[in-house]
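Since every read-out is calculated from the coordinates, none of them should be taken as a lab result. Keep in mind that this is a model prediction, so the values were computed, not measured. Note that each Cβ is placed from the backbone with ideal geometry, even for glycine, and that neighbours are counted across all protein chains shown.
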Amino acid sequence: MTRCGTSCSPENIILGAACICIDGVDVGLTTGGVTVRYDREFLDVEADQINGIARKGVQLERMFITTTLLEAALPQLQVAFGLPLANLTSATTLCLGYNNSCYLAEHQVAIFGPGPSCGCRTFTFDRVVSASTSIEYTMSRSQEVQVEVEFEVLKDCNSTCFGIITDGCVFQDAQVCT
């Protein structure tokens, strides 16, 4: 009889913070971590003869990235608010409000973090849009400004994948986003 947990690989336990790059630019400090969430909706095929589910299939799948930004510079806010690049009119001015573009601006996102065996793990997504329905920018004397942001990952039309996960360190710390 085999006991559960007798075969273990502690080196596969991953601990540590990740950094996020949007369109090749590091977004800076975050708080509360980075979450990659995969949601699925199922189609249940019910059969009268067996009084239950005869088959189950995936009807819809979606993927999201959430984090809280601590650095609220204008380029980060432009992406977080889902505004077109044209709304960043200068290094010191961001025009708030949507400009009636047909679709949201798409971005490339890479998340660089720790991996198994003290290695590295990289998540790469080529089609990401700001999906926050509400963004709060709160200024308080007792707390730093934090901007919670949610991105939705869109599928690649050719591969039907959301993105890829790669294990292995293929970058140096100073060149994470390049």
Return the distance in nm (one decimal) between the two label points of a simple spin-label model at residue 167 and residue 127, each offset 7 Å from Cα along Cα→Cβ. 2.9
GNM flexibility winner over the chain from 47, 17, 110 (Cα, springs under 10 Å): 47
Suppose R0 equals 30 Å; then what is the FRET efficiency for residue 74 and residue 103 from their Cβ-Cβ distance, rounded to the nearest 0.05? 0.85
Mind putting a number on the dipole of segment 1-145 about its Cα centre? Charges go on the C-beta only, +1 for Lys and Arg and -1 for Asp and Glu, and I need it in Debye to the nearest 20. 240
Candidates 158, 12, 87, ranked by Gaussian network fluctuation over the chain, Cα under 10 Å, top entry: 158
Candidates 53, 164, 65; GNM for the chain (alpha-carbon contacts under 10 Å) flags as most fluctuating 53
Final fewest-first order of 103, 38 on the 10 Å Cβ neighbour count is 103, 38
D (Stokes-Einstein, µm²/s), Kirkwood Cα radius, the chain, 1.567 mPa s at 4 °C: 68
For segment 76-155, just say rounded, prolate or oblate: build the C-alpha gyration tensor, square-root its eigenvalues into a ≥ b ≥ c, call rounded for a/c under 1.5, and beyond that prolate if a/b exceeds b/c, oblate if not. oblate
If a paramagnetic tag sat 7 Å from the Cα of residue 139 along the Cα-Cβ line, which residues of segment 62-103 would have the backbone N under 20 Å from that point? 69-81, 88-97
Could you work out [θ]222 nm for the chain from helices alone, using -39500 (n - 2.57) per DSSP H run of at least four and dividing by all its residues? Round to the nearest 500 deg cm²/dmol. -1000 deg cm²/dmol
Among 68-75, 122-129, how do they line up from the highest to the lowest mean number of other beta-carbon atoms within 10 Å? 122-129, 68-75
Would you work out which of 135, 65, 90 lies farthest towards the positive end of the dipole of the chain, given +1 charges on the beta-carbon of Lys and Arg and -1 on that of Asp and Glu, about the Cα centre? 65
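From Cα pairs below 8 angstrom and at least 6 apart in sequence, can you work out the relative contact order of segment 26-77, rounded to a whole percent?
Numbers: 77 pairs, mean separation 25.1, N = 52.
The normalised contact order for segment 26-77 reaches 48 percent.
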